[in-house]
Amino acid sequence: MIKKLVVVLIAIFTISSFAQEGTASPYSFYGIGSLKFKGTVENRSMGGLSILRDSIHLNLRNPAAFTGSNLQMFKNESRPVKYAVGGSYSSTGLKSDSGTANVSSSTFDYLALNVPVGKFGVAFGLMPYTAVGYKLETENDEGLTTNRFNGEGGLNKAFLGFGYNITDNFSVGVNAQYNFGNIQNSAIEFRFDNDRLPLLLQSRENNRSDLSGLNFDFGLYYKSKISKSLELTTALTFTPESNLTSKNQRAISTITIGTSGQEIVSNVINVDLEDQGLQETDLVLPSRFSIGAGIGQPRKWFFGAEYESQKTSNFENVLYQTSATSYEDGSRFSLGGFFIPEYNAFSGYFKRLVYRGGLRFERTGLNIENESIKEFGISFGVGIPVGDFGSNANFGFEVGKRGTTNNNLIQENFINFQISLSLNDRWFQKRKYD
């Protein structure tokens with residue numbers, strides 16, 4: 001157990017040191033940022049498919065998957081304790097009618113622990129949920145910068161979940177999630193003199209929102225044999241609508257722009273948001289519903305589909321509003337699966353690897369200039385055995401596209417690399433005496 005905890009702590013330190021920015025997407029300018037957590041590396045390698053429950057991996061998108069059946073390797077007395085930690089790196093090409101650019105970002109994605117307690121399964125952990133990270137500029141016809149926008153931060157989730165096996169084939173679960181984090185942004189609208197030269201002194205607006213709130217996830221999981229070798233799996237999750245409390249600050253700064261572009265502050269005035277009713281506001285976390293089904297041969301192969309809908313149209317942020325932006329209901333459709341040539345092969349290392357693949361289609365719920373922002377991704381992955389009790393390292397790769405160049409918008413062409421450790425151990429063992 002101690003060795004596995006040390007490995008997890010080293011992985012966390014390595015990923016955290018490597019992860020500097022959660023996102024570099026211009027679309028993180030809107031709402032509470034770009035959605036960061038889209039499942040474990042195993043989920044994302046199958047197009048985001050999250051309907052599977054197995055004995056050696058954590059499924060963090062359905063709390064009903066926190067439990068399971070006892071294992072033969074443990075003489076049908078218990079299940080393994082599961083550790084999971086993951087991180088990712090993204091390289092994105094930005095394309096618009098006016099030019100192209102390349103950005104990259106890296107992040108720690110999740111840390112979780114799942115402990116079996118009889119028919120119950122208890123899980124807890126931490127994950128970045130959304131991320132804000134952008135540096136945008138607009139120019140006039142003369143090539144002069146007219147606006148500059150910067151933003152950083154995001155929303156994190158700490159969760160505690162419980163799953164319960166009603167029968168060996170049917171389980172239910174619930175997650176309690178505490179959301180916390182902050183979003184900081186600044187905006188400069190450059191002013192010019194009569195000769196079209198930038199004024200020496202400019203004004204910058206700085207905003208900060210500290211977010212917090214509680215929400216819940218509910219899940220159902222069911223599997224059944226439909227033949228001697230084939231098994232049907234179905235899963236359902238529901239997240240009710242909830243509110244985030246946003247405590248807001250705003251300040252106006254007088255700045256000068258240095259020769260290398262740095263912003264030098266000479267005066268700061270704090271804005272009284274209380275008189276405007278904006279010092280403390282509520283943000284809606286939209287409700288979400290997903291349902292999926294799949295068929296497969298246990299420890300051999302699986303193929304499934306999942307549909308998710310989200311009431312993003314209910315989202316509103318009164319502190320940051322633009323006339324060109326609105327929100328509509330979002331959705332995701334995923335197809336994916338895995339294949340294991342021979343999970344218990346004594347020879348031929350590659351026969352024991354888990355090969356994954358999938359694709360997804362999303363409507364993000366964001367509408368800019370009457371253009372729905374959509375996203376598409378195709379993914380691949382592999383799981384490699386690394387220790388006892390089915391412990392493994394998982395690698396994922398995804399290519400895709402977000403957004404459009406219509407109406408002067410930006411299209412993102414991204415490549416995502418993901419890595420995780422899924423480590424298993426046995427904490428509790430019955431002692432037997434002759």
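Some notes on this structure:
- Surface analysis of the chain yields an accessible area of 50 Å² per residue, using protein heavy atoms and a 1.4 Å probe.
- Entries of Lys82/Lys157; Lys135/Lys401; Lys82/Lys311; Lys157/Lys300; Lys223/Lys401; Lys38/Lys135 with Cα pairs more than 29 Å apart: Lys82/Lys311; Lys157/Lys300; Lys223/Lys401
- Mean projected area of the convex hull spanned by the Cα atoms of segment 185-301, taken over all viewing directions: 14.2 nm².
- For segment 121-207, the Kirkwood hydrodynamic radius from C-alpha pairs, put into Stokes-Einstein at 37 °C and a viscosity of 0.692 mPa s, yields a diffusion coefficient of 192 µm² per second.
- A Cβ-based charge dipole, computed about the Cα centre of segment 297-358 with Lys and Arg at +1 and Asp and Glu at -1, lands at about 580 debye.
- Helix 2-18 axis, angle to the chain major axis (alpha carbon atoms, nearest 10°): 20 degrees
- Computed from the C-beta positions of Thr254 and Asp329, the FRET efficiency with R₀ = 35 Å rounds to 0.25.
- Semi-axes of the equivalent ellipsoid for segment 235-390, Cα gyration tensor, largest first, Å: 47, 23, 16
- Using Cβ point charges alone (K and R +1, D and E -1), the dipole size of the chain about the Cα centre works out to roughly 2740 debye.
- The Cα trace of segment 98-143 gives Rg and Dmax of 21.3, 70 Å, the first to one decimal, the second as a whole number.
- For segment 158-229, the alpha carbon positions stretch 82, 29, 11 Å along the principal axes, listed from largest to smallest.
- Taking the 1.4 Å solvent-accessible surface of segment 106-237 as the whole, the part contributed by carbon and sulfur is 59%.
- Here segment 54-176 is treated with +1 on each Lys and Arg Cβ and -1 on each Asp and Glu Cβ, and its dipole about the Cα centre works out to around 740 debye.
- Neighbours of Phe37, meaning other residues whose beta-carbon lies under 11 angstrom from its beta-carbon, give a summed charge of +4 when Lys and Arg score +1 and Asp and Glu score -1.
- P(r), alpha carbons of segment 325-368 - 5 Å bins starting at zero, rounded %: 6, 18, 14, 11, 10, 9, 8, 7, 6, 6, 3, 1
- Among Ser266, Phe192, Phe66 - extreme Cα towards positive end, dipole of the chain, charges at beta-carbon: Phe66
- One entry in [x] 24.8; [y] 22.0; [z] 21.0 is mean projected area of the Cα convex hull in nm² calculated from the shown coordinates; its label is [x].
- Rounded to the nearest 500, the helix-only mean residue ellipticity at 222 nm of the chain stands at -1500 deg cm²/dmol, with each DSSP H run of n ≥ 4 adding -39,500 (n - 2.57).
The values are calculated or read from the model by the stated rules, or taken from the named source; none is laboratory data. This one's a predicted model, so the numbers in the text were calculated from it and none came from an experiment. Backbone-built Cβ (ideal geometry, glycine too); neighbour counts: all protein chains shown. Protein only, heavy atoms only, side chains kept; ligands, DNA and RNA dropped before computing areas. Shrake-Rupley method; radii C 1.70, N 1.55, O 1.52, S 1.80 Å.
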